[in-house]
Amino acid sequence: MEILLLNGADEQDEFAEVVCRCFEEISEEMGHEVTPMVLRNMEMADCPGDYECFIKTPGLCTLAEDDGHRLLQQWTKSHLVIAVTPVHYGGFSAHLNRATDRHLSGIVPHLEKRNGEVHFKIRYDRLPSLVFVGLAAEDDEEKEAVFRRLVKENASMFEPPAWAMGIIKETMAREGIADEVARLLQKVGAHQ
Amino acid sequence: MKKKVVLLVGSPKLEGGNSDLLGRYLLKQLDNETIETQIIRVSQALQSAEKTREMTKKAATADWLVLSFPNYMSSPPALMIETMDLIYSDFQKTPSDKQQKLMAICSGGYPGTASLETALEICRLYAKETGLRWMGGIGIAGTAVLEDKSGGDPASHSLEKAGFMAKKMMKALDLGAAAVIKEEPLATTGRYQLIKLPIPDWMYAMIGNRTFQAMAKEHNSQERLFEKPYAEPSQLYPE
């Protein structure tokens with residue numbers, strides 16, 4: 001299985017590194033091929049939302065060549081995308097947001113009703129499964145509830161074959177992190 | 001002393017755009033002798049360290065901060081989050097001596113309001129974490145109808161020109177302006193002031209799809225609209 005692993009931490013963050021390494025190690029033990037990307041080190045312009053990739057160049061981002069193009073290609077061809085992000089006010093980090101914002105080219109200019117809401121039709125037939133992991137310093141039910149809601153809505157827009165989400169706390173022991181990582185990978189069919 | 005209201009427009013567009021349009025409408029309702037208003041477009045402010053410093057400085061002295069941004073995947077877009085982070089980090093270094101207030105306007109191209117609510121929840125939790133007083137959020141769906149097709153100057157476009165489609169939007173923004181004037185939380189029936197278009201979702205989808213077809217014809221891309229330029233996952237997984 002080809003896995004894209006996105007580290008959405010704001011800065012050099014040891015805890016995010018530990019969690020990403022754990023995903024990498026367990027995935028490789030299972031025989032998967034992992035492509036890690038540290039989003040803060042990537043040159044990525046903001047999607048202007050002008051829908052040019054809809055009409056003028058269907059499916060191709062019209063922004064100047066940057067790492068966002070590489071990310072989109074790798075995302076599209078992966079079987080599984082894992083996104084690790086600090087939980088910011090219940091949401092993703094700006095780095096992960098910038099990466100997901102660039103996905104306009106992955107939908108087509110045709111509105112349809114899906115899961116009770118009107119969405120754009122998805123461009124590709126075979127999409128990667130998704131795992132979203134929120135990193136948190138402490139328990140915060142409100143933030144976790146918003147994060148869960150955000151991931152659920154993203155999953156409903158991307159329509160992956162399988163998806164999972166988890167919150168990993170800084171207070172968790174290394175074994176606990178490994179168990180959670182294995183649980184998430186199992187949920188999307190990447191762990192026996 | 002005049003009350004200072006700073007509007008932070010979080011659209012990645014350099015100028016114009018619906019977030020700008022909606023935010024400007026709210027500010028216009030405040031235009032009187034007791035309130036001083038300022039617009040900061042974060043896409044411009046984040047272009048240099050100097051402009052960024054200027055933005056955080058203005059935010060630090062505001063009595064009210066109003067965020068106006070497009071909904072990107074159930075969240076404020078990256079630029080808006082980055083700005084919120086910068087302002088927060090500034091607040092932590094130099095805490096304000098007054099109780100600043102925060103209101104947010106989130107607009108989206110889909111006709112539904114669920115994802116707008118999620119983006120507003122992020123703003124509410126931001127206020128909670130930063131110590132700003134949360135004064136409420138306005139979610140406006142279906143803003144594709146606001147697009148100015150005249151090709152004129154974006155700064156001269158207004159909600160009034162959008163006619164009956166924008167009537168409920170203006171009403172919600174009037175309530176937002178009233179909250180700022182009276183120093184009260186936004187009046188809502190639910191948690192947020194959520195505005196849908198006065199047409200059913202299916203009609204919105206139909207009009208939207210026809211518009212896209214017409215635009216594709218103009219760019220000679222009708223046959224290519226559903227192309228898949230990137231490689232998809234190999235068929236090996238999942239079995």
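Okay, residues lined up against (1) surrounded by fewer than 18 Cβ atoms within 10 Å (Cβ to Cβ); (2) without any contact (Cβ under 8 Å) to a residue 40 or more places away in the chain; (3) within 20 Å of A:VAL188 (Cα to Cα):
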| position | (1), (2), (3) |
| --- | --- |
| A:MET1 | no, no, yes |
| A:ALA9 | no, no, no |
| A:GLN12 | yes, yes, no |
| A:ARG21 | yes, yes, yes |
| A:GLU29 | yes, yes, yes |
| A:CYS47 | no, no, no |
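Can you list residue pairs whose Cβ atoms sit under 6 Å apart, with the first residue in region A:62-90 being without any contact (Cβ under 8 Å) to a residue 12 or more places away in the chain and among the β-branched types (Val, Ile, Thr) and the second being surrounded by 23 or more Cβ atoms within 10 Å (Cβ to Cβ) and part of a loop (DSSP other than H, G, I, E, B)? Count only pairs 6 or more apart in sequence or on different chains.
From region A:62-90, no pairs qualify.
Note down all Cβ pairs under 9 Å where the first residue falls in region B:66-87 and is within 7 Å of chain A (Cβ to nearest Cβ) and among the acidic types (Asp, Glu), the second is surrounded by 24 or more Cβ atoms within 10 Å (Cβ to Cβ) and assigned to a strand (DSSP E or B), and they're at least six residues apart or on different chains.
Hits for this filter: B:ASP85/A:HIS88.
Quick one: in region A:60-86, which of the residues that are crowded, with 22+ Cβ neighbours inside 10 Å and of a type in the set (Val, Ile, Thr) is farthest from B:ILE122 (Cα to Cα)?
A:THR76
Going through A:LEU150, A:LEU185, A:LEU135, A:LEU130 one at a time, which residue ends up being at pLDDT 90 or above and farther than 28 Å from B:ASN71 by Cα?
A:LEU185
What tally of residues in region B:163-205 results from selecting those that are in a helix (DSSP H, G or I) and within 17 Å of B:TYR25 (Cβ to Cβ)?
The qualifying residues number 19.
Can you tell which of B:GLU147, B:GLU160, B:GLU184 is closer than 30 Å to A:HIS69 by Cα and either basic (Lys, Arg) or surrounded by fewer than 16 Cβ atoms within 10 Å (Cβ to Cβ) (or both)?
B:GLU147
Being more than 13 Å from B:LEU67 (Cβ to Cβ) and among the small types (Gly, Ala, Ser) is the filter; apply it to region B:99-136 and report the residue that is farthest from the other protein chains (Cβ to nearest Cβ).
It comes out as B:GLY131.
Can you find a residue that is within 14 Å of chain A (Cβ to nearest Cβ) and aromatic (Phe, Trp, Tyr) anywhere in region B:160-181?
no
For A:THR57, work out the one condition from (1) surrounded by 21 or more Cβ atoms within 10 Å (Cβ to Cβ); (2) on the phi < 0 side of the Ramachandran plot; (3) modelled with pLDDT under 95; (4) part of a loop (DSSP other than H, G, I, E, B) it doesn't fulfil.
(1)
Right, A:LYS143: in contact (Cβ under 8 Å) with a residue 24 or more places away in the chain and under 19 Å from B:THR118 (Cα atoms) or not?
Details: in contact (Cβ under 8 Å) with a residue 24 or more places away in the chain: yes; under 19 Å from B:THR118 (Cα atoms): yes.
Criteria met by A:LYS143.
Of the conditions (1) modelled with pLDDT of 90 or more; (2) buried (at least 18 other Cβ atoms within 10 Å of the Cβ); (3) in contact with a strand residue (DSSP E or B) (Cβ under 9 Å, 6 or more places away or on another chain), A:ARG98 fails just one. Which one is it?
All conditions are met except number (3).
Could you tell me whether any residue of region B:197-207 is over 30 Å from A:SER78 (Cβ atoms) and away from chain A (no Cβ under 13 Å)?
Within region B:197-207, one or more residues are over 30 Å from A:SER78 (Cβ atoms) and away from chain A (no Cβ under 13 Å).
Taking region A:47-63 only, how many residues are facing chain B (nearest Cβ under 7 Å) and among the β-branched types (Val, Ile, Thr)?
The number of residues fulfilling the criteria is 1.
Suppose we filter B:ALA231, B:ALA216 for residues that are without any contact (Cβ under 8 Å) to a residue 40 or more places away in the chain, at the interface with another protein chain (Cβ under 9 Å from one of its Cβ atoms), in a loop (DSSP other than H, G, I, E, B) and not β-branched (Val, Ile, Thr); which single one remains?
B:ALA231
Need the failing condition index for B:THR211 against (1) at the interface with chain A (Cβ under 10 Å from one of its Cβ atoms); (2) at positive phi, just the number.
Of the numbered conditions (1) at the interface with chain A (Cβ under 10 Å from one of its Cβ atoms); (2) at positive phi, the odd one out for B:THR211 is (2).
So which pairs qualify, if the first residue must be in region A:178-192 and in contact (Cβ under 8 Å) with a residue 40 or more places away in the chain, the second must be part of a helix (DSSP H, G or I) and among the aliphatic types (A, V, I, L, M), the Cβ gap must be under 8 Å, and the two must be at least 6 apart or on different chains?
A:ALA178/A:ILE26; A:VAL181/A:VAL19; A:VAL181/A:ILE26; A:ALA182/A:ILE26; A:LEU185/A:ILE26; A:HIS191/A:ILE26; A:HIS191/A:ALA182; A:HIS191/A:LEU185
Please report, ordered by residue number, the helices (runs of 4 or more DSSP H) entirely within region A:64-179 with at least 1 residues that are aliphatic (A, V, I, L, M) and more than 10 Å from chain B (Cβ to nearest Cβ).
Of the helices (runs of 4 or more DSSP H) lying wholly inside region A:64-179, those with at least 1 residues that are aliphatic (A, V, I, L, M) and more than 10 Å from chain B (Cβ to nearest Cβ) span A:67-77, A:141-158.
From A:ILE82, A:ILE55, grab the single residue that is more than 15 Å from the chain's Cα centre (by Cα) and of a type in the set (Val, Ile, Thr).
Checking each option against the conditions leaves just A:ILE55.
The values are calculated or read from the model by the stated rules, or taken from the named source; none is laboratory data. In this text, all values refer to a predicted model and were calculated from it rather than measured experimentally. Neighbour counts are summed over all protein chains in view; Cβ atoms, including those assigned to glycine, are modelled from backbone coordinates with ideal geometry.
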